[in-house]
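First up is the structure itself, then whatever we jot down about it.
The values are calculated or read from the model by the stated rules, or taken from the named source; none is laboratory data. Note that the coordinates shown come from a computational prediction; the quantities given were computed from them, not determined experimentally. Cβ placement follows ideal geometry from the backbone for every residue including glycine, while neighbour counts extend to all protein chains displayed. Please note that ligands, DNA and RNA were not included when accessible areas were found on the heavy atoms of the full protein model with its side chains. Shrake-Rupley method; radii C 1.70, N 1.55, O 1.52, S 1.80 Å.
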Amino acid sequence: MKTPAGKECDFYYADFHRGRNVQVCRLIERNPDSPPWKPHLCRTCPVPDILRANQSETLKLDGKVVKKFFGFKEQVQVEGWCSACFSAVPDPMVGCPNCGRSGHRPSIFDLEEGPE
Ligand code: SF4
């Protein structure tokens with residue numbers, strides 16, 4: 001679904017049908033330690049770009065709203081982790097440093113055959 005900032009995000013949900021006025025970020029919603037989400041946070045959130053760059057099913061994201069510049073600015077801070085090897089993913093755009101971009105562990109069966 002497209003966010004108020006105009007980017008596709010799997011975590012955004014909105015319902016304005018028949019008088020309803022619901023807007024939710026499911027990433028922030030599932031973090032009980034985060035301050036509440038507001039629609040303007042989508043403008044600077046890195047998640048849509050991360051999801052476009054890395055579509056690995058093993059990449060999991062956690063997010064929270066943080067205050068910057070002495071509390072004058074809020075933005076979404078994202079941390080990635082890999083559900084295949086349970087390690088932190090420092091750069092979710094690139095992917096898991098242990099499993100590789102796809103999130104799968106490399107296997108000897110993945111090796112291409114050399115010249116005969
Ligand atoms: S804040 Fe980020 S993760 Fe949440 S809905 Fe907006 S773009 Fe998606």
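Helix-derived [θ] at 222 nm for the chain: sum -39500 (n - 2.57) over DSSP H runs of at least 4, divide by residue count, nearest 500? Present the calculation step by step, with values, prior to reporting the outcome.
Values: 2 runs with 11 residues, N = 116.
Helix contribution divided over all residues of the chain: -2000 deg cm²/dmol.
Suppose each label sits 7 Å from its Cα in the direction of the beta carbon; what would the Glu29-Glu8 distance come out to in nanometres?
Between Glu29 and Glu8, the label points sit 2.0 nm apart.
Can you work out ³J(HN,Hα) from phi for every residue in the stretch 73-85, in order, using Karplus 6.51 cos²θ - 1.76 cosθ + 1.60 and θ = phi - 60°, giving whole Hz and x for Gly and Pro?
10, 10, 8, 8, 9, 10, 10, x, 8, 9, 7, 8, 10
For the chain, list the cysteines whose Cβ sits under 4.7 Å from no other cysteine Cβ?
Here Cys9, Cys25, Cys42, Cys45, Cys85 come out as lacking a disulfide-compatible partner, given the Cβ-Cβ threshold of under 4.7 Å.
When the chain is treated as a GNM, springs tying every alpha-carbon pair under 10 Å, which of Pro32, Pro92, Pro46 comes out with the largest mean-square fluctuation?
Highest fluctuation of the listed residues: Pro32.
Once the dipole of the stretch 32-108 is set up with Lys and Arg at +1 and Asp and Glu at -1 on Cβ about the Cα centre, which of Ala84, Trp37, Leu61 lies farthest towards its positive end?
Trp37
Using only the heavy atoms of the protein chains and a 1.4 Å probe, how would Trp37, Trp81 rank by accessible area, largest first? Let's see the in-between values first.
Values: Trp37 40, Trp81 85 Å².
Sorted by accessible area, descending: Trp81, Trp37.
Gaussian network model of the chain, Cα springs within a sub-10 Å range: biggest mean-square fluctuation belongs to which of Cys82, Cys42, Cys99?
Cys99
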